[in-house]
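Peer 1: The structure follows.
The values are calculated or read from the model by the stated rules, or taken from the named source; none is laboratory data. None of the values given here were measured: they were computed from a predicted structure. Ideal geometry is used to build each Cβ from the backbone, glycine not excepted, and the neighbour counts take in all protein chains shown. Side chains included, ligands, DNA and RNA excluded: accessible areas come from the protein's heavy atoms. Shrake-Rupley method; radii C 1.70, N 1.55, O 1.52, S 1.80 Å.
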Amino acid sequence: MNRNLNRINAIDGIRGFSLFGILLANLLIFQYGLWGKDEIHLFQLSTIDHWFYAFTKIAVEGSFMPIFTFLFGYSMILMRNSLEQKNAKIKWHFFRRSLLLITFGLLHGTFLWDGDILLLYGIMGLFLLFFLNRKAKTILIWAVSLFVIFGVLHFIPLEDDDIIERAQIKTYVERTTDIYSSGTYSEIKEHRNNGEDPFDKLEESKLTFILLLSPIVIAPMFLFGMYAAKRELFFHPKREKKLYLILGMVCGVLGLSMKIYGFTFHHEGIELTGGPILSFGYIFMLAMMYSSLAKSRLLRAFENVGKLSLTNYILQSVICTTIFYGYGYGLFGKIGVFLGTVLGIVIFCIQITFSSLYTERFRYGPLEKVMRFGTYLSFRKASNHDERKVA
């Protein structure tokens, strides 16, 4: 029981850690928009802002969302095992869970923020049903194969101008900045949902090609998470400490080196491929901390945030859109990357405090309760330790 407890705490802690990085990365989108964050030259930044922008692009962006993705796959296997022990209808539970995530994602993306990932997770949850009962080796082969394809695709020479005109992006970013910084809620919502972003002007064949490639780009980290759970990785933290250290250092150094090189020399393929590799570095280094510092206050703080992952993820959107959008304080594109990073740290500290106080009194977060009821059609179903943590 104690072994299992440590393992679950580690998963919650890593999930909470990933939410911190996701917030820092998303602050570029909250401040500059989905397209503006990569067109940072269109905004006036100080020297320190440029340094923090580089730090965020190298050490954070593209390396924390994959952690969350990895844990999604990992948790699916834990949940499947618990449902199997209860002789429950496994795929129906996951089907309902995916529909709920899709619903949350549509509501989140339509009415609040265009950087939503819940819709994608819900759709991928349906796709991953195919792998639930597969052997660990089969899942690993699929994960590695798709990751290799993912890497190769990024090295296919293709100029941005061949896909989307730079002038279109510049015009869209300027219009987004004007509307998001001073517009009303209705104006911002209209622009978000019907603003004809550059993708809307793509030829149908190119857009179809991109959509078909999406599962290849996204699936590997989900599958690596499922494989890790199948092999019971993180079940024996002290026994696996040396493995965590080796993988953490190798993946961390390799991934960080690739991202530094890719960012410095504008090689997007190397930068994007290095992102998930660095994710593994973060995962295993944090797991190593759990092998010897499981009672650390910092780790406990991450755990509390991770237990309320869905609630905290949505809260980040509510808080940040209120700060940056015109119907709130209207600071879109105005405070810079450095102060944005400081703000992110403050917001996350508030979330740590909220989560710690909340979990002392309640077992599940507000949105987690909705997810559980929709998944199990009962608040009391799946009350054992494993399912409580992974749902």
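Condition check ((1) within 30 Å of L45 (Cα to Cα); (2) open to solvent by less than 20 Å² (accessible area, probe 1.4 Å); (3) small (G, A, S); (4) out of contact with any Lys or Arg (no Cβ under 9 Å at 6 or more places or on another chain)) across all residues:
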site	(1), (2), (3), (4)
L299	no, yes, no, yes
Q316	yes, yes, no, yes
T322	yes, no, no, yes
L331	yes, no, no, yes
Q351	yes, yes, no, yes
R361	no, no, no, yes
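Peer 1: Looking only at the stretch 363-380, which residues are outside any helix (DSSP H, G or I) and open to solvent by less than 70 Å² (accessible area, probe 1.4 Å)?
Peer 2: Start the filter on the stretch 363-380 by keeping residues that are outside any helix (DSSP H, G or I), which leaves 363-365, 377-380.
Answer for the stretch 363-380, where residues must be outside any helix (DSSP H, G or I) and open to solvent by less than 70 Å² (accessible area, probe 1.4 Å): Y364, G365, S378.
Peer 1: Looking at this structure, is L132 farther than 30 Å from P198 by Cβ, touching a residue at least 12 places away in the same chain (Cβ under 8 Å), under 18 Å from the mean Cα position of the chain (by Cα) and open to solvent by less than 10 Å² (accessible area, probe 1.4 Å)?
Peer 2: No: the conditions fail for L132.
Peer 1: Still on this structure, please answer the following. Taking the condition of being more than 19 Å from C320 (Cβ to Cβ) and either outside any helix (DSSP H, G or I) or in contact (Cβ under 8 Å) with a residue 60 or more places away in the chain (or both), how many residues in the stretch 171-194 meet it?
Peer 2: 2
Peer 1: Could you please let me know if V337 is more than 14 Å from L308 (Cα to Cα) and either at pLDDT 95 or above or open to solvent by less than 40 Å² (accessible area, probe 1.4 Å) (or both)?
Peer 2: Against the criterion (more than 14 Å from L308 (Cα to Cα) and either at pLDDT 95 or above or open to solvent by less than 40 Å² (accessible area, probe 1.4 Å) (or both)), V337 qualifies.
Peer 1: Can you tell me which residue within the stretch 103-126, out of those that are within 14 Å of the chain's Cα centre (by Cα) and either of a type in the set (K, R) or over 28 Å from T184 (Cβ atoms) (or both), is surrounded by the fewest Cβ atoms within 10 Å (Cβ to Cβ)?
Peer 2: L120
Peer 1: In the stretch 293-319, which residues are in a loop (DSSP other than H, G, I, E, B) and under 20 Å from P366 (Cβ atoms)?
Peer 2: In the first step, residues of the stretch 293-319 are kept if they are in a loop (DSSP other than H, G, I, E, B); the result is 293-296, 308.
If the condition is that a residue be in a loop (DSSP other than H, G, I, E, B) and under 20 Å from P366 (Cβ atoms), then L308 is the only one that fits.
Peer 1: Test of understanding: among T322, T341, which residue is of a type in the set (S, T, N, Q), in contact (Cβ under 8 Å) with a residue 40 or more places away in the chain, farther than 23 Å from L71 by Cα and assigned to a helix (DSSP H, G or I)?
Peer 2: T341
Peer 1: Given the criterion part of a helix (DSSP H, G or I), open to solvent by less than 40 Å² (accessible area, probe 1.4 Å) and among the β-branched types (V, I, T), identify the matching residue among I277, I246.
Peer 2: None of the other options fit; the residue is I277.
Peer 1: Please specify each residue of the stretch 253-262 satisfying the condition of being surrounded by 19 or more Cβ atoms within 10 Å (Cβ to Cβ) and of a type in the set (A, V, I, L, M, F, W, C).
Peer 2: The one that is surrounded by 19 or more Cβ atoms within 10 Å (Cβ to Cβ) and of a type in the set (A, V, I, L, M, F, W, C): M258.
Peer 1: Let me ask something else about it. Hey, among K307, K295, which residue is under 25 Å from P237 (Cα atoms), touching a Phe, Trp or Tyr at 6+ places or on another chain (Cβ under 9 Å) and open to solvent by 40 Å² or more (accessible area, probe 1.4 Å)?
Peer 2: It is K307.
Peer 1: Restricting the stretch 57-87 to residues that are charged (D, E, K, R) and free of Cβ contacts under 8 Å to residues at least 60 places away in the same chain, which is surrounded by the fewest Cβ atoms within 10 Å (Cβ to Cβ)?
Peer 2: E84
Peer 1: Here is a check on your reading of the model: is I90 under 30 Å from G333 (Cα atoms), open to solvent by less than 60 Å² (accessible area, probe 1.4 Å), of a type in the set (V, I, T) and out of contact with any Cys (no Cβ under 6 Å at 6 or more places or on another chain)? Show your work before the answer.
Peer 2: Values: under 30 Å from G333 (Cα atoms): no; open to solvent by less than 60 Å² (accessible area, probe 1.4 Å): yes; of a type in the set (V, I, T): yes; out of contact with any Cys (no Cβ under 6 Å at 6 or more places or on another chain): yes.
No.
Peer 1: Hey, another quick one. Do you know which residues across the stretch 228-242 are in a helix (DSSP H, G or I) and in contact (Cβ under 8 Å) with a residue 12 or more places away in the chain? So that I can check it myself, show each step before the final result.
Peer 2: Let us first name the residues in the stretch 228-242 that are in a helix (DSSP H, G or I), namely 228-230, 241-242.
A228, A229, K230, K241, listed by residue number.
Peer 1: What are the residues in the stretch 351-374 that are in contact (Cβ under 8 Å) with a residue 12 or more places away in the chain and more than 30 Å from F94 (Cβ to Cβ), if any?
Peer 2: Once the filter is applied, which keeps residues that are in contact (Cβ under 8 Å) with a residue 12 or more places away in the chain and more than 30 Å from F94 (Cβ to Cβ), the stretch 351-374 yields I352, S356.
Peer 1: Within the stretch 38-65, count every residue that is over 17 Å from the mean Cα position of the chain (by Cα), in a helix (DSSP H, G or I) and not hydroxyl-bearing (S, T, Y).
Peer 2: Total satisfying the criteria: 11.
Peer 1: In this structure, does F147 turn out to be within 19 Å of the chain's Cα centre (by Cα) and surrounded by 20 or more Cβ atoms within 10 Å (Cβ to Cβ)?
Peer 2: Numbers: within 19 Å of the chain's Cα centre (by Cα): yes; surrounded by 20 or more Cβ atoms within 10 Å (Cβ to Cβ): yes.
Answer is yes for this residue.
Peer 1: Looking at (1) open to solvent by 30 Å² or more (accessible area, probe 1.4 Å); (2) on the phi < 0 side of the Ramachandran plot, which is the only condition I14 fails?
Peer 2: (1)
Peer 1: When you check E232 against the structure, is it open to solvent by 70 Å² or more (accessible area, probe 1.4 Å) and at positive phi, yes or no?
Peer 2: Here the answer is yes, as E232 does meet what is asked.
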